[in-house]
Each structure stands twice: as C-alpha cells, then as structure tokens.
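Chemist: My questions will all concern the structure given below.
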Amino acid sequence: MIHKNHLYRVVEFAVGLLFGFGLMLSGMTDPGKVVGFLDLFGTWDPSLALVMGGAIMVGFFAFTVAKKRTTSFFGGMLRLPTTNRMDKPLVIGSLLFGAGWGLAGFCPGPALVSMADGQPKALVFVLAMLVGMLGFELMDRFVHAPRKAKLNAA
Amino acid sequence: MNIDWAHFTPFASLTGGIILGVASAIFILINGRVLGISAILGGLMPPKMGDTSWRIAFMLGLFAAPTVFHAVMPAQYITAPRIDATDMMVIVAGLLVGIGTRYASGCTSGHGVCGLSRLSPRSLLATASFMSAGFVMVYVLRHVL
C-alpha cells in the first residue's frame, strides 16, 4: 500500500520540476534578461512583467480557493501565512535582496535551477547565498533571540 | 523608454509565468504550503528534525528541471544565459540575497508570486521594496558607474 506521505513526496518533486521548468521557459534563469527588465532607463526588456502577470493570474484563483478552505485537497493542513506585520525586517531584508538581485541578476529559484544546469557562476552564487542564509540563522539564534529574551525579562 | 525588442519573449515568458502559477496553485491546494524558494531552502540551513524530507523532494524536482527542459524543448527555447557580473559581484550578490530573503521572509516566489496572488499588503510592500532596490542597483551599475 502506498503511504500518504509518499504521495506528498511525489507531488513535491513534481511541483519542483514544474516550477523549475517554468523558470527556464520564462527566461528567469538568464541573468541578462532579469537585468534587462530591471534596466528601466536603458533598453528595457518587459518579459518579466509577463512572467509575474501570468503567474499571478493563475495564483490569484488558487489562493482565492485556498482562503475559503481550512484543509488541503488531500485533507492535510493548509498553511497560509498569518503574519501581516509591515515591519523593518520586511523592508530592509527586501531592499538587501533587491540590491543583490540587480547586482548579479539571480534570485534564489533561478540560481538553483541554473546551478543544476551546470552554470559555474550560478554555483558560486548559490554557495554565497547559503552562507548568507546560514549567517542570518546564526545571527537570529545567538544575537536577536537573546536580545529579545532580555527585553522580555526586563 | 526604449523597448529591447531583440530580447523580448512575450510568448515564452507568459507561458512560463502561467506554469509558475500552476505549480504554486498545486502546492497550496494539494500540499497546503506556500511555494517560496527562499523559505523552502532556508529551512534546510540548518536542517531541522522532521521538517526536511518535503523540502528535499521539492529541491530534487527543481534540480531535475534542466535535464527535462533540454530533453523536451526545441532548440529555439534554449539560450545561453548572459552573465555580466564578475565572480566578486556574484559572491556579494549571493550574500545579499541569502541574508535579505531570510530577513524579509520571502523572495520573488513567496512574496512576488504567492503573496501578490493572495493580495497580501505585506508581500506588496516586500515586492515594491526589492523591485525598487533592483531598479536602483541596475541604474547605478549601467548608467552611473
């Protein structure tokens, strides 16, 4: 008998595959295309606006359905984000991310796919990104969390 | 504003975008999860007990995409990526993207696609912020320096 968890793993693999395929077809895995989109004052490549538009068009319907449900179609938990905070980490983090995105033309998904496609610079980018993520995690655990605990205790 | 007609790919980009939307739709409706790359990957740095197998299954799918893409797509859709950035720039960019996306709890997929799809004001602010920073960075790189 197939365990339900196995079915989830298959869907997760398939969704990853589909997403990576979409990224390649859309042109997101070409940093030149990303930078061409971000270059509003040069010769502008509008392609990425269509990528976002196409994705949101479909996503809007999916999330409209999801918001009305409490469980997924498989009966599992439906984990919609619950935070609405418009805080400093959100803006500062996004500004840092955007600066990095413009600098090399890679965001996380396309960089991972491009790395798997054998692009050496994508591999360098992904390694640096993992260091950044781990660095943030360590900061959060050993600097932010103790500071917060101190504030709460005071 | 001049449009770069030579590189504009309306059909492939719109179709690719729709596929990204379909993948995000399946993920929230069947798996009950938001498809956000930085969160899925970030959760593995470091890995936590009982919360890794789904992330790894997704990542393996993502890594299999280029092989499948090259196998099924006609040659006209396969273009060599243009990377202008030097290794040093790529390293700095990777660090910024790693720290920034974790600090902001999302990137182009989680905030940009899923967040905007569910009309989240928080994700709209995040998307406006990273887009603006991207526009400014490219403006400085291409037209100031």
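Chemist: Which pairs turn up if I take residues in the range B:83-110 that are touching a residue at least 60 places away in the same chain (Cβ under 8 Å) and among the polar types (S, T, N, Q) and look for partners that are assigned to a helix (DSSP H, G or I) and buried (at least 24 other Cβ atoms within 10 Å of the Cβ) with beta carbon separation below 6 Å, at least 6 apart in sequence or on another chain?
Modeler: B:THR101/A:PHE97; B:THR101/B:SER38; B:SER109/A:GLY109; B:SER109/B:ILE37
Chemist: Further question on the same structure: From the list B:THR101, B:THR108, which one is out of contact with any Phe, Trp or Tyr (no Cβ under 6 Å at 6 or more places or on another chain) and among the hydroxyl-bearing types (Ser, Thr, Tyr)? Walk me through it before giving the result.
Modeler: Numbers: B:THR101 fails: out of contact with any Phe, Trp or Tyr (no Cβ under 6 Å at 6 or more places or on another chain).
Unique residue meeting the criteria: B:THR108.
Chemist: Return yes when B:VAL68 is assigned to a loop (DSSP other than H, G, I, E, B) and either touching a Phe, Trp or Tyr at 6+ places or on another chain (Cβ under 9 Å) or not aliphatic (A, V, I, L, M) (or both) and no when it is not.
Modeler: Numbers: assigned to a loop (DSSP other than H, G, I, E, B): no; either touching a Phe, Trp or Tyr at 6+ places or on another chain (Cβ under 9 Å) or not aliphatic (A, V, I, L, M) (or both): yes.
It is false that B:VAL68 is assigned to a loop (DSSP other than H, G, I, E, B) and either touching a Phe, Trp or Tyr at 6+ places or on another chain (Cβ under 9 Å) or not aliphatic (A, V, I, L, M) (or both).
Chemist: Those residues that are within 7 Å of another protein chain (Cβ to nearest Cβ), surrounded by 18 or more Cβ atoms within 10 Å (Cβ to Cβ) and closer than 23 Å to A:ASP45 by Cα, I need them from the range B:118-145; list them, please.
Modeler: B:ALA126, B:SER129, B:PHE130, B:MET131, B:ALA133, B:GLY134, B:MET137, B:VAL138
Chemist: I need the full set of residues from the range A:24-46 which are assigned to a helix (DSSP H, G or I), at the interface with chain B (Cβ under 7 Å from one of its Cβ atoms) and touching a helix residue (DSSP H, G or I) at 6+ places or on another chain (Cβ under 7 Å), in order please.
Modeler: From the range A:24-46, those assigned to a helix (DSSP H, G or I) are A:24-26, A:31-38; that's our starting set.
Then drop every residue that is not at the interface with chain B (Cβ under 7 Å from one of its Cβ atoms), which leaves A:24-26, A:31-33, A:35-36, A:38.
Once the filter is applied, which keeps residues that are assigned to a helix (DSSP H, G or I), at the interface with chain B (Cβ under 7 Å from one of its Cβ atoms) and touching a helix residue (DSSP H, G or I) at 6+ places or on another chain (Cβ under 7 Å), the range A:24-46 yields A:MET24, A:LEU25, A:SER26, A:PRO31, A:LYS33, A:VAL35, A:LEU38.
Chemist: Among the residues in the range B:42-55, are any of a type in the set (A, V, I, L, M, F, W, C), within 17 Å of the chain's Cα centre (by Cα) and within 28 Å of A:MET77 (Cα to Cα)? If you could, list the steps in order and put the result at the bottom.
Modeler: So the first thing to find is which residues in the range B:42-55 are of a type in the set (A, V, I, L, M, F, W, C), and the list is B:44-45, B:49, B:54.
Retained after the next criterion (residues that are within 17 Å of the chain's Cα centre (by Cα)): none.
Looking through the range B:42-55, none of the residues is of a type in the set (A, V, I, L, M, F, W, C), within 17 Å of the chain's Cα centre (by Cα) and within 28 Å of A:MET77 (Cα to Cα).
Chemist: Scan the range A:23-54 for residues that are buried (at least 24 other Cβ atoms within 10 Å of the Cβ), touching a residue at least 12 places away in the same chain (Cβ under 8 Å) and of a type in the set (Gly, Ala, Ser) and jot them down.
Modeler: Within the range A:23-54, A:SER26, A:GLY27, A:SER47 qualify.
Chemist: Here are some residues: A:ALA49, A:ALA55, A:ALA14. Which one is among the small types (Gly, Ala, Ser), within 18 Å of the chain's Cα centre (by Cα), farther than 24 Å from A:ALA104 by Cα and not in a loop (DSSP other than H, G, I, E, B)?
Modeler: Values: A:ALA49 fails: farther than 24 Å from A:ALA104 by Cα; A:ALA55 fails: farther than 24 Å from A:ALA104 by Cα.
After applying the criteria, what remains is A:ALA14.
Chemist: Here's another thing I want to ask about it. Out of the residues in the range A:96-154 that are of a type in the set (Val, Ile, Thr) and out of contact with any Leu (no Cβ under 8 Å at 6 or more places or on another chain), which is surrounded by the most Cβ atoms within 10 Å (Cβ to Cβ)? Reasoning before the result, please.
Modeler: Narrowing the range A:96-154 to residues of a type in the set (Val, Ile, Thr): A:113, A:124, A:126, A:131, A:143.
With the extra rule that they be out of contact with any Leu (no Cβ under 8 Å at 6 or more places or on another chain), the set shrinks to A:124, A:143.
Details: A:VAL124: 20, A:VAL143: 10.
Ranking the qualifying residues of the range A:96-154, first place goes to A:VAL124.
Chemist: Sticking with this structure for a sec: Out of everything in the range B:72-115 that is of a type in the set (S, T, N, Q), within 7 Å of chain A (Cβ to nearest Cβ) and not in a loop (DSSP other than H, G, I, E, B), what residue ends up being farthest from the chain's Cα centre (by Cα)?
Modeler: B:THR101
Chemist: Output the residues belonging to the range A:48-67 that are more than 15 Å from B:MET131 (Cβ to Cβ) and either more than 7 Å from chain B (Cβ to nearest Cβ) or of a type in the set (S, T, N, Q) (or both).
Modeler: Listed by number, the residues that qualify are A:PHE61, A:THR64.
Values in this text are rule-based calculations from the coordinates and carry no lab data. What you see is a predicted model, and the numbers here were worked out from it, not measured in a lab. Reconstructed Cβ throughout: ideal geometry from the backbone, glycine too, with neighbour counts over all protein chains shown.
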